[in-house]
Amino acid sequence: MTPSPAITAAPPAPSRPLILTLAAGAGFAVASLYYAQPVLQRITDDLHLTVPQSGLIPTLTQIGYAAGIFLLLPLGDRYDRRTLIVLKALALALMLGLCSLAPGLNTLLLTSFLIGVTATMAQDIVPAASILAPAGQQGRTIGTVMTGLTAGILLSRTVSGVVGEHFGWRAIYLIAAALLLVMAGVLWRMLPRFKAQSTLSYPALLLSLGGLWKTHPPLRRAALTTAVLSVAFSAFWSTLALMLHQRHGLGSDIAGAFGLAGAAGAIAARMAGALSDRIGTHRVTRLAAGLVTASFLAMGTAEALPMTAQLAVIAFATVTFDLGFQSSLVAHQTLVYSLDPAARGRLNAVLFTVMFSGMALGSVLGTQALALAGWPGVIGLTVLASGTGLLLRLTAPTPVSVTPVSAAPASAAPLKEAEAEALEA
């Protein structure tokens, strides 16, 4: 079989099957981060854990994801992305299989951390889609792939909850491992080779992350905004199953069903990408952060309602806050990838290292808030965190000119600081 040609600075428009395959690959990978959340109560009962101990499982997974993004994503600028994606898919399948066999807490925490590290293949896929995107359609292409990624996040909870309720929590990890093995083969066959965009050594790649952080103010604001919104996102999802069991006596299948309520976020991803191309990322990020904050405020006001009405409000607000969160994420990615097209992997590493540090912090703070102040404490935390994200966007400099967001050539020089600010239009 003749090797696929390497992607150069001006790639042809990718085929729809290829983009859908990338979306599926991102979805399967990122789903691995969330399988534990709906079945935390079952894991807690099976391994005789306390609530703080079980809270370490999603926390270690998010920490592993943040570490993998920081340490491994910069390699995408130095080596063929196809090879990196497939190797991570195989490693992730192995880690999921080992997790299903975990006999106790320590083994479970170790494999959860390594699942997070290897699940970063999802964040290799998104910049790959950005490189493949034709000029002027970067936001739309990223949005399509993010639709798959978002569906993976949300449907993973639903599937995990149902499988966990009927077959035990270990079964979902075995099923996921098999799916990742299949996906590795499909991605190897369909993906083209990608030309290296940097000749820097690995230590130099890591050191350059600090330079990117200093050079691009929009990168800093995007990373900090996504981080605090992620604190709210993670605090909610890390404690939902425990709250439903403690307050309502509901099982993991019901907790997983809330993932369906949030599946609207998958629709929002593609819409937000197209909207960013049309009206600019600056406006989209403000609207999205406002929607997240309003959703958690609605959950807080529902505390005075009867229990059934509370659940209805939480389900509806789950739809709206996922819409806002995913729209914010896609808009920020579209902005960040345009700052320096030759450094997409490293820009992505900075954005998502900070973001998933927020996710890990949200898991810790969420479980502690639940233990100390119950569900109202969790909602108070989410309102504070999302409100901070909205404030960061409202105080961002309003650009005076509009620069279209497009897939610039890989050889393009980094944008100057003034140009970078204009990209937030």
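The values are calculated or read from the model by the stated rules, or taken from the named source; none is laboratory data. Quantities reported herein were computed from a predicted structural model and do not represent experimental measurements. Cβ placement follows ideal geometry from the backbone for every residue including glycine, while neighbour counts extend to all protein chains displayed.
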- Of the conditions (1) touching a strand residue (DSSP E or B) at 6+ places or on another chain (Cβ under 6 Å); (2) at pLDDT 85 or above, the single one that VAL231 does not satisfy is (1)
- Message: If I filter segment 342-351 for residues that are at pLDDT below 85 and out of contact with any Leu (no Cβ under 7 Å at 6 or more places or on another chain), do I get at least one hit?
- Response: yes
- Message: Take LEU101 and tell me if it is closer than 25 Å to VAL39 by Cα and not aromatic (Phe, Trp, Tyr).
- Response: yes
- Residues of segment 296-310 satisfying the condition of being farther than 11 Å from VAL383 by Cα and of a type outside the set (Ser, Thr, Tyr): ALA302, GLU303, ALA304, LEU305, PRO306, MET307, ALA309, GLN310
- Mind listing just one residue for me: the one in segment 123-153 that is among the hydrophobic types (A, V, I, L, M, F, W, C) and touching a Ser or Thr at 6+ places or on another chain (Cβ under 9 Å) and, of those, modelled with the lowest pLDDT? ALA135
- Note on the structure: Among ALA294, ALA289, ALA298, the single one that is of a type outside the set (D, E, K, R) and under 21 Å from PRO397 (Cα atoms) is ALA289
- Task: Output yes when any residue across segment 315-329 is closer than 14 Å to PRO376 by Cα, out of contact with any Lys or Arg (no Cβ under 8 Å at 6 or more places or on another chain) and either part of a helix (DSSP H, G or I) or in contact (Cβ under 8 Å) with a residue 40 or more places away in the chain (or both), and no when none is.
- Result: no
- Task: Give the residues of segment 34-65 that are under 16 Å from ALA171 (Cα atoms), in contact with a Phe, Trp or Tyr (Cβ under 6 Å, 6 or more places away or on another chain) and of a type outside the set (Lys, Arg), sorted by residue number.
- Result: GLN37, VAL39, ILE43
- Query: Are any residues in segment 161-203 assigned to a loop (DSSP other than H, G, I, E, B) and under 17 Å from ALA36 (Cα atoms), and if so, which ones?
  - Reply: GLY168
- What about PHE258, is it under 20 Å from GLY152 (Cβ atoms) and modelled with pLDDT of 85 or more? no
- Sort through PHE296, PHE352 and tell me the only one that's over 22 Å from LEU219 (Cα atoms), among the aromatic types (Phe, Trp, Tyr) and either in contact with a helix residue (DSSP H, G or I) (Cβ under 6 Å, 6 or more places away or on another chain) or in a helix (DSSP H, G or I) (or both). PHE296
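Yes/no matrix, rows are residues, columns are (1) at pLDDT 95 or above; (2) within 16 Å of ALA331 (Cα to Cα); (3) in a helix (DSSP H, G or I):
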position: LEU370; (1), (2), (3): no, no, yes
position: ALA385; (1), (2), (3): yes, no, yes
position: THR388; (1), (2), (3): yes, no, yes
position: ARG393; (1), (2), (3): no, yes, yes
position: VAL400; (1), (2), (3): no, no, no
position: SER406; (1), (2), (3): no, yes, no
position: GLU424; (1), (2), (3): no, yes, no
- Message: Whether any residue in segment 134-142 is in a helix (DSSP H, G or I), of a type in the set (A, V, I, L, M) and under 25 Å from THR334 (Cα atoms) is what I want to check.
- Response: yes
- Being under 21 Å from ILE85 (Cβ atoms) and among the basic types (Lys, Arg) is the filter here, so list the residues in segment 179-214 that pass it. ARG189, ARG193, LYS195
- Message: Any residue at all in segment 106-122 that's on the phi < 0 side of the Ramachandran plot, of a type in the set (A, V, I, L, M) and at pLDDT below 80?
- Response: no
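Okay, residues lined up against (1) of a type in the set (Lys, Arg); (2) touching a Ser or Thr at 6+ places or on another chain (Cβ under 9 Å); (3) within 22 Å of GLY362 (Cα to Cα):
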| site | (1), (2), (3) |
| --- | --- |
| ILE85 | no, no, no |
| ALA89 | no, yes, no |
| LEU108 | no, no, yes |
| THR118 | no, yes, yes |
- Taking segment 292-319 and the residues there that are surrounded by fewer than 21 Cβ atoms within 10 Å (Cβ to Cβ) and closer than 15 Å to TRP237 by Cα, the one that is modelled with the highest pLDDT would be PHE316
- Some residue of segment 209-220 being surrounded by 19 or more Cβ atoms within 10 Å (Cβ to Cβ) and of a type in the set (Phe, Trp, Tyr): no
- Every residue from segment 155-178 that is surrounded by fewer than 16 Cβ atoms within 10 Å (Cβ to Cβ) and within 20 Å of the chain's Cα centre (by Cα): none
- Task: Give just the number: which of (1) modelled with pLDDT under 85; (2) part of a loop (DSSP other than H, G, I, E, B) does TYR79 not satisfy?
- Result: (1)
